[in-house]
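Have a look at the structure below, then the notes.
The values are calculated or read from the model by the stated rules, or taken from the named source; none is laboratory data. On a predicted model such as this, the values are computed, not experimentally measured, just so you know. Glycine gets a Cβ as well: all are built from the backbone with ideal geometry, and neighbour counts include every protein chain shown.
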Protein chains: 2
Amino acid sequence: MTLDKSWFSEAVEATGTAFSLKGHKLHEEQTPYQKIEIWDTQTFGYLMTIDGCTMVSTRDNFLYHEMMSHVALNSHPDPQNVVIVGGGDCGTLSEVLKHAEVKSATQVEIDERVTRLSEKYFPELCTRNSDPRATLFFGDGIQWMKDAKPGSIDLIIIDSTDPVGPAEGLFGKRFYLDCIKALKPDGMLVQQSESPLLHLELIKEMHAAMRQAGFARTHLFHFPQTIYPSGWWSGSIATKSDAPLLERIDDRTVRGMETKFYNPRTHRGAFALPTYVEEALE
Amino acid sequence: MTLDKSWFSEAVEATGTAFSLKGHKLHEEQTPYQKIEIWDTQTFGYLMTIDGCTMVSTRDNFLYHEMMSHVALNSHPDPQNVVIVGGGDCGTLSEVLKHAEVKSATQVEIDERVTRLSEKYFPELCTRNSDPRATLFFGDGIQWMKDAKPGSIDLIIIDSTDPVGPAEGLFGKRFYLDCIKALKPDGMLVQQSESPLLHLELIKEMHAAMRQAGFARTHLFHFPQTIYPSGWWSGSIATKSDAPLLERIDDRTVRGMETKFYNPRTHRGAFALPTYVEEALE
């Protein structure tokens, strides 16, 4: 069958795949950085797209936001100072601030319009924006990281769009060098790293670039993310020190923290890699 | 954007989602049971669809076939006699026959044309069809199970289409009663059980029906399946006895058995359920 304009469709020529949600467009604007659309979908709530790519939906954003925050936070011994690069919808910030041990969380988003539209259409992701520990900075994450105080950050979360357009510079050795400088000795970085099926070469290149930049270890984890290409997504953790990842995930670390996908079992399960992925990353 | 006829699109009105693969149609036929199409896709190899729904692609079928076979086989103490209901593409049969402990594997597929087309377009799934332990029977799985010798089967794998049309009868108490009768005392059943995001109510109903029929325990596991709605799929195991599932998954059980997704880590990870799913099944 053919899909008409009553569907939002993200068709990716390079992967030969498309994902669509039935709905109608509520809003469209061209910012200095990108084109943002808001759709009211039939079954996924609101949908934000950037340059034609799905970014966040009301229904399934918990998968991505929980996994891009709690997995790394609970792999770090004491994440007090957290910086989010990108993440303008504030969903990751909101999850980070669920952790009492976090004393400061700074969101560095290049496009303020992403946040303003999220406040309107995804208010549930923005409820912690006025937390005294939160800072919302609008500007270039690459420059921000260059200027960051050396050895000041525990965890950098790179919650960006795909490695084309404004986010391209967030996926390379030069940026990783600035991250390493900004991190404390036991600091780490976590970055969204696309689909384990569709983008395995990219994942390999990312991990190689992280290690070339000086990160001691890299780790991949995976989780469902239904509105992204293939419905299957990954995050990559790079650690400055050679110590293995901690597992601060007894029941206590989730108790009192409301999550829908994340728990100690899914934390561990996310690191269980398919054999073909293990082999590719060897 | 709109998607034209250079894409195969599976649009599901009930879930408001669509998945598409770029390609062109090679073959189409109406059998007595269903409409089968074969597409040559740009990036996923061949694609078989039934009544407009994706069934199997060259590129990603390993996810489904490995997880629908090895998880249950390695949860059972000694699966010698295995019956597959559906599974006409022979991919599950092929995985089952990788296990040396399996002495007999019978595939009960209602539509012989599925198998004949698979032999032509997915020959890699059919390489074990002439294994002396394999029987390919073409007929109604519901009737077959009614007629099965009581207490004769170790593992029933229900590898069917969605619970509409010919497969509807495979998702209810009446069929499960016949399965229980056909199973040995330590026997089990595993069934594809749709998407943990889109079909949670169906999963709850399935597990309730399984227990109402007399199965002592039910278990859910999940895995990526990129061409199915949401890209995220599940299997459900029901055991006749009250014993917990075994984990016959030291390294030895995979050694010598070539798998791409499945290994002892992904086996365990598949049972790590999201919190909202745990709560729904409580």
Checklist entry - Does region A:150-163 contain any residue that is surrounded by fewer than 21 Cβ atoms within 10 Å (Cβ to Cβ) and modelled with pLDDT under 95? => result yes
Next on the checklist: With the condition being surrounded by fewer than 23 Cβ atoms within 10 Å (Cβ to Cβ) and assigned by TED's automatic domain parsing to the domain that holds B:L183, I'd like the strands (runs of 3 or more DSSP E) fully within region B:69-141 carrying at least 2 qualifying residues.
Outcome noted: B:104-109, B:134-138
Checklist entry - Out of A:L3, A:L47, A:L21, which single residue is touching a strand residue (DSSP E or B) at 6+ places or on another chain (Cβ under 7 Å), within 9 Å of chain B (Cβ to nearest Cβ) and closer than 27 Å to A:E168 by Cβ? => result A:L21
Item to check | Which numbered condition A:H65 misses (of (1) surrounded by 19 or more Cβ atoms within 10 Å (Cβ to Cβ); (2) away from chain B (no Cβ under 12 Å); (3) over 21 Å from the mean Cα position of the chain (by Cα)) | outcome: (3)
Checklist entry - Out of (1) β-branched (V, I, T); (2) out of contact with any helix residue (DSSP H, G or I) (no Cβ under 7 Å at 6 or more places or on another chain); (3) surrounded by 22 or more Cβ atoms within 10 Å (Cβ to Cβ), the odd one out for B:T43 is which? => result (3)
Checklist entry - Checking B:C53 against (1) without any contact (Cβ under 8 Å) to a residue 60 or more places away in the chain; (2) within 20 Å of B:T17 (Cβ to Cβ); (3) surrounded by fewer than 23 Cβ atoms within 10 Å (Cβ to Cβ), which test does it fail? => result (1)
Checklist outcome for this item: Per the filter on region B:224-237, residues farther than 17 Å from B:H76 by Cβ and either β-branched (V, I, T) or surrounded by fewer than 23 Cβ atoms within 10 Å (Cβ to Cβ) (or both) are B:T226, B:I227
Checklist entry - Do you know which of the residues in region A:238-252 that are outside any loop (DSSP other than H, G, I, E, B) and surrounded by fewer than 19 Cβ atoms within 10 Å (Cβ to Cβ) is nearest to the other protein chains (Cβ to nearest Cβ)? => result A:D251
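So, A:Y228, is that one within 14 Å of chain B (Cβ to nearest Cβ), touching a Lys or Arg at 6+ places or on another chain (Cβ under 9 Å), aromatic (F, W, Y) and farther than 23 Å from B:A280 by Cβ or not?
no
Evaluate the following for B:T31: is it farther than 21 Å from A:T275 by Cα and within 13 Å of chain A (Cβ to nearest Cβ)?
So B:T31 does not fit the description; no.
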Checklist entry - Of the residues in region A:181-204, how many are touching a helix residue (DSSP H, G or I) at 6+ places or on another chain (Cβ under 8 Å), of a type outside the set (A, V, I, L, M) and in a helix (DSSP H, G or I)? => result 1
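Residue under question is A:L177, and the condition is that it be surrounded by 18 or more Cβ atoms within 10 Å (Cβ to Cβ) and either part of a helix (DSSP H, G or I) or more than 14 Å from the chain's Cα centre (by Cα) (or both); does it hold?
On the way: surrounded by 18 or more Cβ atoms within 10 Å (Cβ to Cβ): no; either part of a helix (DSSP H, G or I) or more than 14 Å from the chain's Cα centre (by Cα) (or both): yes.
No: the conditions fail for A:L177.
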Checklist entry - For A:E278, which of the numbered conditions (1) surrounded by fewer than 23 Cβ atoms within 10 Å (Cβ to Cβ); (2) within 13 Å of chain B (Cβ to nearest Cβ); (3) in contact with a Pro (Cβ under 9 Å, 6 or more places away or on another chain); (4) not in a strand (DSSP E or B) fails to hold? => result (3)
